[in-house]
Number of protein chains: 2
Amino acid sequence: MASIRKGTEKDIPALMGLIHELAEFEKAPEEVETTEACLLEDWKEHRAFDFLVAELDGEVVGISLYYPRYSTWKGRCFYLEDLVVRPHLRGKGIGLALLKATADEARKAGAIRLDWQVLDWNEGAVRFYEKIGAHIEKEWWNCKWRID
Amino acid sequence: MASIRKGTEKDIPALMGLIHELAEFEKAPEEVETTEACLLEDWKEHRAFDFLVAELDGEVVGISLYYPRYSTWKGRCFYLEDLVVRPHLRGKGIGLALLKATADEARKAGAIRLDWQVLDWNEGAVRFYEKIGAHIEKEWWNCKWRID
């Protein structure tokens, strides 16, 4: 079974690799503009996120990347931006272990809820999230406004 | 015209009032579990969010509440959690002024994008956001997992 631990500087290349794998799966590989240097600076200097890694036989095979968010209705929450497990190792409980470990980090920081998003066509993921008791809302659309 | 400024401790009661007004509009008034004390602590002690207020004749008539978020594809962004203008003052440019001022805060902090969400039935808001050039994504569902 994979072991879960906090990510460190030396995990940044593996993190970048898994971000690219997820973008391929989400049919948007050309959308990734970040680089390893950018991830490192945003994590180390700006503390913009934190991450966990799942390790198996000395290799990073999964990651969860998260940061605090705020609900004006419920209070302090955590947002899970990315949860990725290498394709050939899916269905073995690594994703659930990462999710639970992320919830532990959130709880330790005083958050009462963990939020994330799922693509409407990703049926396997939707079933998995419903099974563990997550509440799924289908009536919100994302708005993104470039300001650079 | 309303003036826009950073929120302060004395604006917390008005902030709570506008959060309740928005929850009524979104047909979920019973969902608000936060209190003024909770907002104050989360803002002042935990720095979980920051907020701007629109003031008209000495009265707070609108707010924007935001915090940093992270996109593994684009880098550092800001998330606009709530944008509220008192109903009798809508359509006068106060929302746009708050949105632009929030983008300014985001830009100052090094963010390259401002993100938020809109309810799919809120046609007026959707038209407004499209008009100002925001990109709207309709294929993501929100997942929320209570961990308390």
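Summary table
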| read-out | value |
| --- | --- |
| Looking only at the stretch B:104-123, and only at residues there that are among the acidic types (Asp, Glu) and touching a residue at least 24 places away in the same chain (Cβ under 8 Å), the one that is least open to solvent (accessible area, probe 1.4 Å) | B:115 |
| Verdict on residue A:111 being small (Gly, Ala, Ser), in contact with a Cys (Cβ under 9 Å, 6 or more places away or on another chain), part of a helix (DSSP H, G or I) and facing chain B (nearest Cβ under 9 Å) | no |
| Counted residues, the stretch B:13-30 - those being within 17 Å of the chain's Cα centre (by Cα), at pLDDT 95 or above and open to solvent by 60 Å² or more (accessible area, probe 1.4 Å) | 2 |
| Residues of the stretch A:31-45 that turn out to be within 10 Å of another protein chain (Cβ to nearest Cβ) and either surrounded by 14 or more Cβ atoms within 10 Å (Cβ to Cβ) or in a strand (DSSP E or B) (or both), as a count | 7 |
| Among the candidates B:8, B:72, residue that is among the polar types (S, T, N, Q) and closer than 28 Å to residue A:33 by Cα | B:72 |
| Within the stretch A:46-103, strands (runs of 3 or more DSSP E) holding 1 or more residues that are out of contact with any Gly (no Cβ under 9 Å at 6 or more places or on another chain), without any contact (Cβ under 8 Å) to a residue 40 or more places away in the chain and surrounded by 15 or more Cβ atoms within 10 Å (Cβ to Cβ) | A:59-71, A:75-85 |
| Within the stretch B:124-148, tally of residues that are open to solvent by 50 Å² or more (accessible area, probe 1.4 Å) and either closer than 23 Å to residue A:148 by Cα or under 18 Å from the mean Cα position of the chain (by Cα) (or both) | 6 |
| Residue that is nearest to residue B:54 (Cα to Cα) [pool: residues in the stretch B:67-78 that are more than 7 Å from chain A (Cβ to nearest Cβ) and out of contact with any Pro (no Cβ under 7 Å at 6 or more places or on another chain)] | B:77 |
| Flag if residue A:99 is among the hydrophobic types (A, V, I, L, M, F, W, C), under 23 Å from residue A:60 (Cα atoms) and within 12 Å of the chain's Cα centre (by Cα) | yes |
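The values are calculated or read from the model by the stated rules, or taken from the named source; none is laboratory data. The structure displayed is predicted, hence computed values, not measured ones. All Cβ positions, glycine included, derive from the backbone under ideal geometry; neighbour counts span all protein chains shown. Ligands, DNA and RNA are excluded from the accessible area calculation, which covers all protein heavy atoms including side chains. Shrake-Rupley method; radii C 1.70, N 1.55, O 1.52, S 1.80 Å.
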